[in-house]
Amino acid sequence: MGFQISWLAARAPKATLLEALHLTDTGVPDEANEAPFSVAELSGGWSLIWSNDVEWALPSRVPVLVTQTAVVAFMVFEGIDASFVDYAGPDGNWSVSYGLEDGGALHGEWPPALAPVAAAASGPFDVPGDLARALTGYAYNRADDGIRFTIAEIESASGAASEPVAVAAE
């Protein structure tokens with residue numbers, strides 16, 4: 001069956017990304033990313049929200065951040081060999097997908113600076129994930145990377161955390 005997840009990363013402090021998504025960090029460890037949402041700080045100034053909803057991560061969820069900093073959305077559905085990366089930021093937008101159209105063709109364009117990353121991928125399915133890793137330093141399928149995830153929950157109108165539910169796209 002494999003992974004069926006998505007994540008959204010921004011080159012911003014964790015608190016900034018959480019606020020933009022109306023999430024709060026519980027501080028409770030989520031080592032296996034089993035909660036609906038988990039949050040982590042990455043090296044290089046990136047923060048990441050992991051979702052167990054394969055369709056959740058989209059740069060359009062954080063429209064203000066996209067005007068200020070780089071945002072990367074990634075999804076993978078290994079059961080049907082589909083993967084997707086979407087980049088948005090003040091310097092432009094681009095996306096690459098595999099397996100979502102045309103029975104498994106690679107679609108999209110990436111910046112010329114990332115061409116060596118795409119060329120080194122072990123296959124077309126891996127290109128979106130390798131591009132996302134080149135940007136953020138994070139690979140969804142590496143458990144030994146030392147990144148510490150904690151459970152994130154959706155804030156209620158009062159500002160307190162509530163039970164996690166899917167966040168509607170803006």
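We did not get these values from a lab; they are worked out from the coordinates using the rules stated. All figures in this text were calculated on a predicted structure; none of them were measured in a lab.
With contacts taken as Cα pairs under 8 Å at a separation of at least 6 residues, the chain carries a relative contact order of 28 percent. Put simply, the amide H of Asp53, placed in the peptide plane, has neighbours under 5 Å in Ser6, leaving out anything fewer than 5 places away on its chain. Under Stokes-Einstein, with the Kirkwood radius over Cα pairs as Rh, the value for region 15-98 at 25 °C and 0.890 mPa s is 178 µm²/s. Maximal additional length on extending the Glu101-Val64 stretch stands at 10.3 nm, based on 0.36 nm per residue less the C-alpha distance.
Computed over the chain, the per-residue total of -39500 (n - 2.57) for DSSP H runs of n ≥ 4 gives a 222 nm mean residue ellipticity of -4500 deg cm²/dmol, rounded to 500. What the phi angles of region 92-100 give under the Karplus curve with 6.51, -1.76 and 1.60, with θ = phi - 60°, is a coupling list of x, 9, 7, 8, 9, 9, 9, x, 8 Hz, glycine and proline written as x.
For region 110-124, 3J(HN,Hα) computed residue by residue from phi via the Karplus equation (6.51, -1.76, 1.60; θ = phi - 60°) reads 10, x, x, 5, 9, 4, x, 5, 5, 5, 7, 4, 6, x, x Hz, glycine and proline entered as x.
Per-residue 3J(HN,Hα) values for region 126-131, derived from phi via the Karplus relation 6.51 cos²θ - 1.76 cosθ + 1.60 with θ = phi - 60°, read 7, 4, x, x, 5, 5 Hz in sequence order (x marks Gly and Pro). Using C-alpha pairs under 8 Å with a sequence gap of at least 6, the mean separation divided by the residue count of region 1-51 gives a relative contact order of 51 percent.
Computed over the alpha carbons of region 4-154, Rg followed by Dmax gives 14.5, 42 Å.
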